[in-house]
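What follows is a set of notes on a single structure, which appears directly below.
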Amino acid sequence: MGIQQQIQQATINALEQLYGKSFTTKDFQINKTKPEFEGNYTIVLFSLLNLQFAKKIKANAECMFGIQNLLNFLPKDPIMRPFDPFDKAVDDPVVNPFGYTFDPSYNYAPMMKRRVVIGLRWTFN
């Protein structure tokens with residue numbers, strides 16, 4: 001068994017013990033850690049709930065209603081180091097002891113608050 005499979009199994013066991021529910025590898029993601037961070041692997045796990053209802057009104061048409069980000073989770077700073085976008089203080093060990101850099105592509109949570117979606121869906125045969 002490889003290291004990724006061992007991490008997956010350990011994560012599943014910990015989540016099942018913590019929440020008392022069954023989990024699979026589809027419930028979380030294991031990524032290679034970026035080189036500027038410590039460690040080889042990062043486990044990505046957070047809850048983003050979306051809800052959608054659809055009602056067929058004809059054979060090829062549906063009306064739908066949905067809510068995205070149901071719990072309205074929005075972190076204070078989803079982007080790492082938003083206060084220093086030009087990395088002017090990246091080498092300061094007092095302000096930045098771990099040497100993190102500004103990286104807008106590395107966010108860990110939704111960037112938009114709760115949204116309501118209403119629409120029609122047509123299917124062409």
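Observations on the structure shown:
- FRET efficiency, 1/(1 + (r/R0)^6) with R0 25 Å, evaluated for S105 and N40 via beta carbons: 0.80
- Lys-Lys pairs in the chain that are eight or more residues apart or on separate chains and whose Cα atoms lie under 30 Å of each other come to 18.
- Paramagnetic label zone (point 7 Å from Cα along Cα-to-C-beta, A59; backbone N under 18 Å) in segment 89-125: 121-125
- Cα-based helix-to-principal-axis angle, 3-19 vs the chain, degrees rounded to 10: 70
- Residue among P35, L18, G2 farthest towards the positive dipole end of segment 1-45, charges placed on Cβ: G2
- Pairwise label distance in nanometres, L48 with A10, each label 7 Å out on the Cα-Cβ vector: 2.6
- Segment 31-115: GluC sites (Glu not before Pro) in DSSP loop, at most 15 other beta carbons within 10 Å: E36, E38
- With at most 11 other Cβ atoms within 10 Å, longest stretch of the chain clear of loop trypsin sites (Lys or Arg not before Pro) (DSSP): 22-75
- Most fluctuating residue given options F53, F73, F28, as computed from a GNM of the chain linking Cα atoms under 10 Å: F53
- Potential extension, F73-R121 segment - 0.36 nm per residue separation minus Cα distance: 14.5 nm
- For the chain: relative contact order, % (alpha-carbon pairs under 8 angstrom, 6 or more apart): 23
Since every read-out is calculated from the coordinates, none of them should be taken as a lab result. Note that the coordinates shown come from a computational prediction; the quantities given were computed from them, not determined experimentally. Don't worry about glycine lacking a Cβ; one is built from the backbone with ideal geometry, like all the others, and counts go over all protein chains shown.
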